[in-house]
Amino acid sequence: MTVDKILLGMAVNRNTTLRVNTIKYNIQDLMTQLKINNIKFERVSWYNDGLVLKNRAEKDIQKLDIYNEGNIYIQSLSSMIPPLVLAPKSGNKVLDLTAAPGSKTTQLAALMRNTGEIIANELDTIRFERLKYNIEKQEATIVKSINSRGEKLGEKYPEYFDKVLLDVPCSGEGRFIINEPKTYRDWSMKKVNSLVKLQKKLLTSAYKALKKNGVMVYSTCTINKFENELILDWGIKNLGLKIVDINLAIKDSIHGDNERLDKSIDKSMKILPSKSMEGFFIAKLKKE
C-alpha cells in the first residue's frame, strides 16, 4: 500500500506551494493580493503561514511584486516541516549546517522573529552565493552565512548552539517525478553509499556543536532506509542521541520503520510524495 502511494505521488505534477515571509509581510495581506490576482489557494492545516496554489505555476508567481520584494518564498511544503519541528525561539543560537539555498534558514529567522543568532553554512561556492542572496532578499538580518566544511563545524563551535538543523545532502528520491527523467537520472546505490558516509560525519559534527539538552532536527528529501532510519540507529548507538516525539499532524506521513532497529525510530516521520508534498524524512533528536 505504501509503495503504491509513493509511486502514485511520483506520477503527479506537484502544486506550487509557498509561505509568507513574516519578517516583512503577513498572511492576511498575502491572501488579499492573491485574490486580486485571481490566484486560487488553500490554507495549510498545520502551518498558518503556508499556502497551496491551485491555478498558478512557479514561473507565474515569480512575476509578482510580492515575490520580487521578498514578501513570500516559494518552498515545498515538506521543506517547511523541519524548521517547525525544530521550533526555535527568539534569542536562540541556531546552526543550519547545510543551508543553501536558504529556504529553511530564512524560515528559521522568521520563526525567531528575526531575533537571536543563526549561522548558515554552505560548502558549495555557487550555492553559497544563492544562500546569501536569499538571506538578503528576505531581510533575515540575524543570519550570518559561512562557506565552510560542515564536518568541521562541531570542532569550531563546540556545544555552542541551542538548536541545530541538519538537512543533509541526500539522493533526493522524494523529488522524483516519473515524467521528468532529470529528477532521477543521477541516482545510484554507489551515490547513496557515498552520501551515507558524509551524513554520518555531518551528524557527528552537528552533535558536537549542540549544547547539552539541545535539540537537533535531522532531515532528508529522500525515502530510503540507508539515509534515514539506519543513520538514526547509528546516531543512537554511537553518539547517544535520543529520538523524541514530533508533535505535528501531517496527513501524508507515516512513522519511521524501526524493524530490527532501535524502537524509538518509530517517532521519526516519513512524508510520502503526493500532489502537494515532496517525499521527506524528519527526526527530532535530543543531546542528553
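Laid out as a table, the results:
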| item | result |
| --- | --- |
| Residue tally, condition touching a residue at least 12 places away in the same chain (Cβ under 8 Å) and either surrounded by fewer than 15 Cβ atoms within 10 Å (Cβ to Cβ) or on the phi > 0 side of the Ramachandran plot (or both), over the stretch 108-129 | 6 |
| Residue under evaluation residue 6, criteria (1) assigned to a helix (DSSP H, G or I); (2) without any contact (Cβ under 8 Å) to a residue 40 or more places away in the chain, criterion not met | (2) |
| Unique match (being over 20 Å from the mean Cα position of the chain (by Cα), in the same structural domain as residue 94 (by TED's automatic domain parsing) and surrounded by fewer than 24 Cβ atoms within 10 Å (Cβ to Cβ)) among 147, 193, 224 | 193 |
| Residue among 200, 284, 237, 211 that alone is within 18 Å of residue 164 (Cα to Cα), in a helix (DSSP H, G or I) and in contact (Cβ under 8 Å) with a residue 24 or more places away in the chain | 200 |
| Check on residue 254, of a type outside the set (Asp, Glu), surrounded by fewer than 24 Cβ atoms within 10 Å (Cβ to Cβ), in contact with a strand residue (DSSP E or B) (Cβ under 7 Å, 6 or more places away or on another chain) and assigned to a loop (DSSP other than H, G, I, E, B) | no |
| Residue 267 vs. criteria out of contact with any strand residue (DSSP E or B) (no Cβ under 7 Å at 6 or more places or on another chain) and either surrounded by fewer than 23 Cβ atoms within 10 Å (Cβ to Cβ) or not assigned by TED's automatic domain parsing to the domain that holds residue 42 (or both) | no |
| Any chance residue 219 is buried (at least 23 other Cβ atoms within 10 Å of the Cβ), of a type in the set (Gly, Ala, Ser), outside any helix (DSSP H, G or I) and touching a Leu at 6+ places or on another chain (Cβ under 8 Å) | yes |
| Test: residue 167 is farther than 17 Å from residue 282 by Cβ, touching a strand residue (DSSP E or B) at 6+ places or on another chain (Cβ under 7 Å), crowded, with 18+ Cβ neighbours inside 10 Å and of a type outside the set (A, V, I, L, M) | no |
| Sole residue being surrounded by fewer than 20 Cβ atoms within 10 Å (Cβ to Cβ), closer than 20 Å to residue 78 by Cβ and among the charged types (D, E, K, R), chosen from 237, 275 | 275 |
| Residues that are of a type in the set (S, T, N, Q), within 19 Å of the chain's Cα centre (by Cα) and in a loop (DSSP other than H, G, I, E, B), drawn from the stretch 28-78 | 45, 75, 76 |
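The values are calculated or read from the model by the stated rules, or taken from the named source; none is laboratory data. Since the structure is predicted, the reported quantities are computational estimates derived from the model, not experimental observations. All Cβ positions, glycine included, derive from the backbone under ideal geometry; neighbour counts span all protein chains shown.
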